[in-house]
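Working notes for the structure below.
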Amino acid sequence: MRRLRGTLLAGSLSVLLVIAGAVACDGDEESDETGPLRIGVMESVTGPGETYGTVAVQAKQMAVDEINAAGGINGRPLELVVEDEKCNAQDAITAYQKLTDVDGVKIILGTSCSGAMLGAAPLAEEDGVILFSGLATNPDIANAGDFIFRTAISDTQVGVDTGNVMWSDGIRRLATITELTDYAEGVRRTTVAQFETLGGEVVGAESYASDTTDFRTQLTKLVEADPDALHIAAQSEFAGGTIVKQVREIGYDGPLYGEVVAAGTTALEIAGDAATGLKVITADIDPANQRGTAVLSRFLERYGYVTLPWYVGSAYDDVYIAAECLRMTNDDQDAAGFRDCLYAITWSGAIGEGYSFDENGEVVGLTNIVAEVLPPAERTAENFGYRVLGPAPTN
Amino acid sequence: MNATPPRLVPAAMRARIGLIAASRGNVELWANLAVLTWAVAFLVWQGTGFAVTVGTVFAIWAILAVSLNLVVGFTGLLSIAHVGFFGIGAYSMAILTSGTSYDALRTDAIPTFGWPFFAALPVSALAAGLVAAVVGVVLNRFRDDIFVLVTFGFAIISYSVFLNWNELTRGAFGIHDIARPAAGGLVLDSDGEFLAFTLLCLALTVAVSWLLVSSSFGRVLLAIREDEGAAEVFGYRVAHYKFTVWIISAMLAGIAGGLFSSWTRFVDPYSFVLLESIVLVSVVILGGLATIWGSLLGVMAFVLLEEGMRFVPFLPNESIGQARQAVLGVLLVLLMLFRPQGLVGKYRL
Amino acid sequence: MPLPEQFIGRGDHQRRLGVALAALVIAYISWKVLQSPEQALQFTYNGLSVGAVYALLAMGFTVVYSTVWFFDLSYGAAAAMGAYGVFYLRSQEALGGQYEGNNPIVNVVLGAVVAGVVGWALHAALSGRLRARFRRGTLLLAAGALSAGSGLYTVLVLAFPAEINLLLSPAVCAVTALLSSWALCRLYRVLRPGARLAPFVAASAPVSGAAGLACALLVAGADGSRLYLSWAVSCAVAGAVGLALYRGLYIYMRERAHSPLVMLVASLGVLLAVTAAITLVFESAPRPLPEAFGSDPRTIGGASIKGFNLFTIGVAVAGLLFLRLLLGATTFGKQVRAVGDDEEVAKVVGINTTVVIATVFFIGAVLAALAGLLSGHDTAVQPRMGLLLLVKGWIASVVGGIGNLYGALLGGFALGLVEQFGIWDLAGEWRDLISFVVLILFLSFWPTGLLPRR
C-alpha cells in the first residue's frame, strides 16, 4: 500500500513536470488580421465600488454595441473581455493577470477604483499594457506611468473645489468623516488642506472601514465638537447615504457637504429626506451638453435606470476614444501605437468638448460643478435628485 | 473488508465487491489520485503563465497549512489565530522593505527603512514569534472550545490593529512597492524565479516540521494531544511544549507572510480577515490532521478548486470565491460526519 | 462540563488584579461622564441600542449552549438568515426594488426544509397518540400530505413576497383561531374545573373561528402589515433551519464525536456555507432594509434615540421574560434543564431528549433571527453580519455568565456600553478590539461572568 502510494506520487509528479516544461515551450498565438478587436475591461462589478463598476460596464457595453452596429472598426467587430477588480489592489492584480495571460489582451479599459488602479498600474507599465480608466480619480495615478491614462478628474481638483465652496458658504469649523479608501482619504486630505489654507479649522475627523454599518458613535463624537458643517467622503453609496441618515437621527441639523457618492441614486434612496440640502462637488454632465444628455437617455432606455451620469458618460467616451485609436492602429496588440494616439487625440464626447490628455495621461479641459440635493418630492429620474448650482468657485 | 462475500456470488462479482470495498477503505488513495490528476489536468489546461500564479498561491498557503497543522493536528489546539501571524509577517516585510515615500498631502506617511528582502524575512519570522509568545502566555490558560474562542479574538484583534494603526500600517490604504528577494547580483524578480524560491521555503518548512514531529519532541506533542493530563503525570511540562510548538508554528506563518507580501508587492488588511483564518483551518482539517502530506494535499485541492472554478461555465466570475467557500463548508460538514480525520489524516479531531 | 474547571491557577493576587482593573474601568467611565454628560447620555443610548441586540443573541446562545454544551457556530448563520429573510421578502420596497432578487433555488430549498421540519414535528407530537387509532399507512399519508402542503405553502410565500399579506392571511386565520380556542379552553378549565371539554370546544369554535377570520381580513387589508409578516416568516424559516440542522445533522455527529471540537468544526462548516450562499444570492455589499416604524429621532434628556431602538430594547426585555416563563414555569423548561444537567439521565427518566433539544435549537435560531433582523433594520444587512453577531453574542454571554439568562441580558447591555465608552478617546474603528479585550479579561479573571450559573 505504502509503496503503491509512493509510486503513484512519483509518477504524477514527473508527469506534472514534463507537462509544465512542454507548456512553457509553447509560443504565443498569432493574432489574425480580420477577427474581432479584443480589449479588456476591469471594473468593480462587486465590492464597495459596485455601483460604479456596474454602470461603467453597462455604459461600455452600450458603446461597443453601438460601434458594432455601425459596422465595427475597419470592418472588424469590437469585443470586450470583462473582469472584476472588486475595488481592491489584490483582486485587480489577479484580474489583470487573467486578462493579459489567459485572454492575451494588451489594452485594458478600467478600473473603477483608484486602489485597484494603483495595484495594477505598475504591472501594466512594466508589461507595456494600456490601462485607461474613466472612473479612477486618485492623484497618484497621474504619475503611474506612460501607459496609464484616464478621463476622470483627479481628486486633487475635487478637494480644492470643495474647500473653496465651503469657505465661500461661510463655514469656518469643519468636521469630516471618511471611508478608509484611497479615494475617500484623498478627497478628505485635499479638501482639508485647501480649507485650512483659507483659514478654516478642522474640529473633528473620524474614519471608518468599508463594511461599517453603524456610524452613530463616530457621528456623535463629531457633532459634540460643534462644527459649522460636516464633510462626508464616502466610497460606497451605501455608506454615504447611511451616514447622512444617521447623522440626522442623532439630531444634527447643520449643513452637509460631500462628493458625488453621497448624492448617488442609492445614497439618496437610503437617506431619504435627510439628504435634502446636501451639497455635492463633483464632475457632472452639463445639461447643455447635447451629446451627454443623449447618451444618458439611451442608457436609460436600454437599462431602465440611470445613476452616476458623469461616470456613464466617461466610461462611454472611453470606448469611443479607444475605438478611434484602434481605427488608426488596426491592431489590438499594439499598445505603443494606442498610447501615441491617446497623447495626440482631442475628443468631444458625452462628458465635455475638446478635451485631451497631458503628458501624465491626465485629462485636460473638464471642470467640476456644485449641486444641491432636492427634497424627496422633487427628485426624478431625469434630475438624479439634485440641481446644478453652477461651476465650482475658484479662489 | 470485514464481511466475506457469500459463496453463492460468482467469482467475477466477488472481485468487484472486493474492489469496491478496497476503494472504500482507501479514501486516502483516491483522494491522492483525484487531487494530483486534477493538478496535472489543470496544468495542461491552463499553461504555465497562469499556473505560476497558482503555484505561488499554493506554496504560500502550503507553508501556512503545514505550520498550522503543527498546532492543530499534532498538538490538538484548534487555533483560528494563524492569520494574525501571517499578517504580522507580511506587514513586517512590507514596512521594512517598502521604499516609497507617500505624499503627505493625501495619506499618512509611515517610516521607511528600505531593507533588502533577505534581511527582512528573518524579522518577519521573529516578529510573528514574539507576538506569539505574548499571545501564548494568555492562551496557555485555556483549553478546548474556550481556546478556540480566544484565538478568534486574537484574529480579530490583529486585523483591527492592521486596519487601524495608521502610523505603522497605513491602515486600509496598504503598503506598496514591497521588495522582491535580491542578494548581491541575484535578483529573483520574475514570477517563475519567485515561485522557485517560495517552493524552496516550502521544502524547508516541510523539512523543519518533519524533523520536529518525528523527534522525541513530536512524540510528546502527540501524547499531549491524546491526553494532556497523562502527559503531565509522566512529568512532561505540557505548557512548555505547547508554548514552543505554538511559537515555531507562528514563526513559519510569519515567513509565509513575508513571502506573500513580497509576492503581491502590496499588502492591505483585507488579506488578513478572520474568514481567511477559518478557511485555513478548514483546509488543514480537510487535508488531514497530524499529517504533513495531508496539508499539502488539502491546500492543493483548495487552490485548484478556486482556480478550477474560474472556468466553470455557469458560474459568474465574481461568485467563484463564494462558491468555493460554500463547497468548503459543505465538505467540512461531510468530513465531520463521515471522516473526522480528513482526507489522508490518521488522527480524529 | 462546568466552566471553572477549564481554568488553572487563579490565585488571590489575580482576583485582586481583576478588581483593580474593574475599578479602573469604572473610574474612567465616570470621569468621562463628568466631563461631558450630554455625550455620555448619547453614548449610553447608542450602547443600549446595540446592547439589546447582543442581549437577544446572548440569551439564545446561552440557552442552546447550556443544553448541548458545544459552541454552535451556525447560530450566527441563523442571525444572518433572519436579517436577509426580511431583505429577501421586502427588498422591492427598498431602493426602488433595485436589489430585488427572487431565487427559485432558495425558495425550493427552504420549502423543503420547512416540509421536513413539519413532517418531523407531526411525527414527534402526534404519532404516539394516534398510532393506536389509525392505521400506519393512513397516518403516513396524512403526515406526508400535511408536510408537503406546508412546504409548498412556504415556497408560495417566498416566491410572491409582494402579496405576502394576502398569501399569509389563511395562516394568520388558522393560527389566531387555534390560539384563541386554546385560550378559551384554558379559561374554561380555570372557571369550571372538572367539566367536560368537548361540548365547550364545539360551542366556542364559531367564536375563535370568527376571531381568526377577523384577524385574517385585517392583515389582508393592511399593506403596512407586510413588513411585520416578513419578520414572522423569516424568524420561522430560520428557526426551521436551526431545528433541521440539529435533527438532520448534529444529532448523528454527537453520537460519534469524541470532543466538542468536532461539533464546533461542523457548525463552522455550516456557517461558512450559509455565509457564502447568502453572499452568492445577495452579493457582499451592505444593504439597507426597508424603513420600519419609529425612524424619527426623539430627544430624551438632551440626547437623541430612535423609537425603533427603544422597541429593540423592549424586545430584549420581553425575550428575557418569555424565556424565564418558558424555562422556569413549564414542564418543557424542566426537561430542558434536565437535559442540560445530564443528557443520559434525562433519557433514562423518560424525557424525549431529541424533541427537547430540537425545540431548543428552534427557539435559539428564532431569537438569533430576531436579533439579526432588528440589527438589520437599525443599520443594514451584510453577509458577514452572522459571524460578527455570533461573536458578539458569545462575548456577551461570557460576560454575563454562560447559562444565566439574566446574565445574558446584563452582559449584552454591558458589552454595548463598554464598546461605546471604550472608543470615547480612541478612533471608532477599535470597537471590535475592545469587545475582545473585554472577553479575554473576563475569561482570565471572571470566567463565570457577572452572574454565575446557578
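Taken together, the values in this text are just the output of simple stated rules run on the coordinates, not laboratory data. None of the values given here were measured: they were computed from a predicted structure. Ideal geometry is used to build each Cβ from the backbone, glycine not excepted, and the neighbour counts take in all protein chains shown.
Rounded to the nearest Hz, the phi-derived 3J(HN,Hα) couplings of region C:174-185 under the Karplus curve 6.51 cos²θ - 1.76 cosθ + 1.60 (θ = phi - 60°) are 4, 5, 4, 4, 4, 4, 5, 4, 4, 5, 4, 4, where x marks glycine and proline. Residue pairs exceeding 26 angstrom between C-alpha atoms, taken from B:LYS346/C:LYS347; A:LYS86/A:LYS106; A:LYS86/C:LYS306; A:LYS60/A:LYS98; A:LYS86/A:LYS279; A:LYS60/A:LYS245: B:LYS346/C:LYS347; A:LYS86/C:LYS306; A:LYS86/A:LYS279; A:LYS60/A:LYS245. Between A:THR151, A:THR220, A:THR191, the residue with the greatest mean-square fluctuation in the GNM of chain A (Cα pairs under 10 Å linked by springs) is A:THR220. This ranking places C:ARG196, A:ARG150, C:ARG431, A:ARG291 by how few other beta-carbon atoms lie within 10 Å of each, fewest first, which gives C:ARG196, A:ARG291, C:ARG431, A:ARG150.
Dipole magnitude for the protein assembly as shown: computed about the Cα centre from +1 point charges on Lys and Arg Cβ and -1 point charges on Asp and Glu Cβ, it is near 7820 debye.
If only the Cβ of Lys and Arg carry +1 and only the Cβ of Asp and Glu carry -1, the dipole of region B:118-275 around its Cα centre is close to 260 debye. Taking the fewest neighbouring Cβ atoms within 10 Å as the starting point, the ordered list for A:ILE351, B:ILE224 is B:ILE224, A:ILE351.
Among B:VAL161, B:VAL283, B:VAL187, whose mean-square fluctuation peaks in a Gaussian network model of chain B (Cα, cutoff 10 Å)? Of B:VAL161, B:VAL283, B:VAL187, the most mobile in the Gaussian network model is B:VAL187. With neighbour counts taken as other beta-carbon atoms within 10 Å, the residues A:HIS231, C:HIS123 rank, fewest first, as C:HIS123, A:HIS231.
DSSP beta bridges confined to the protein assembly as shown are antiparallel in about 40 percent of cases. Along its principal axes, the protein assembly as shown has C-alpha extents of 97, 76, 70 angstrom, given from the largest down. Model label points for A:SER356 and C:ASP342, set 7 angstrom from Cα along the Cα-to-Cβ axis, are 9.2 nm apart. Bridgeable aspartates and glutamates around C:LYS32 (alpha carbons under 17 Å apart, same-chain partners fewer than 8 residues away excluded): A:GLU224, C:GLU419, C:ASP425. If I take R0 = 25 Å and measure r between the Cβ atoms of B:LEU315 and C:ALA159 in this structure, what FRET efficiency does the formula 1/(1 + (r/R0)^6) give, to the nearest 0.05? Here the calculated transfer efficiency is 0.60. Using the Cβ-Cβ distance between C:LEU197 and C:ARG136 with R0 set to 25 Å, the FRET efficiency works out to roughly 0.30. Of the DSSP H helices in chain A, those that are both long (alpha-carbon extent of 27 Å or more along the helix axis) and hydrophobic (Kyte-Doolittle mean at least 1.0) are A:2-25.
Projecting the Cα atoms of C:GLY221, A:THR197, C:PHE87 onto the charge dipole of the protein assembly as shown (Cβ charges, centred on the Cα centre) puts C:GLY221 farthest toward the positive pole. Dipole of chain A computed with +1 at Lys/Arg Cβ and -1 at Asp/Glu Cβ about the Cα centre; of A:LEU308, A:HIS231, A:GLY71, farthest Cα towards the positive end is A:HIS231. Amide H contacts under 5 Å for A:ILE369: A:THR282, A:ALA283, A:ASP284, A:ALA392, restricted to partners 5 or more places along the chain or on a different chain, H placed in the peptide plane at 1.01 Å from N. Computed from the C-beta positions of A:ALA344 and A:GLU125, the FRET efficiency with R₀ = 35 Å rounds to 0.95.
Shielding value for A:305-317 is 0, the average number of Cβ atoms from other chains within 10 Å of each residue's Cβ.
Length gained on full extension, C:LEU187 to C:ALA27: 52.2 nm, using 0.36 nm per residue less the C-alpha separation. Which of B:TRP165, B:TRP263, B:TRP293 ends up with the largest GNM mean-square fluctuation for chain B, with Cα atoms connected below 10 Å? Its mean-square fluctuation being the largest, the pick is B:TRP165. If only the Cβ of Lys and Arg carry +1 and only the Cβ of Asp and Glu carry -1, the dipole of region C:366-454 around its Cα centre is close to 360 debye. Residue by residue along B:260-268, Cβ atoms of other protein chains within 10 Å of the local Cβ number 3 on average.
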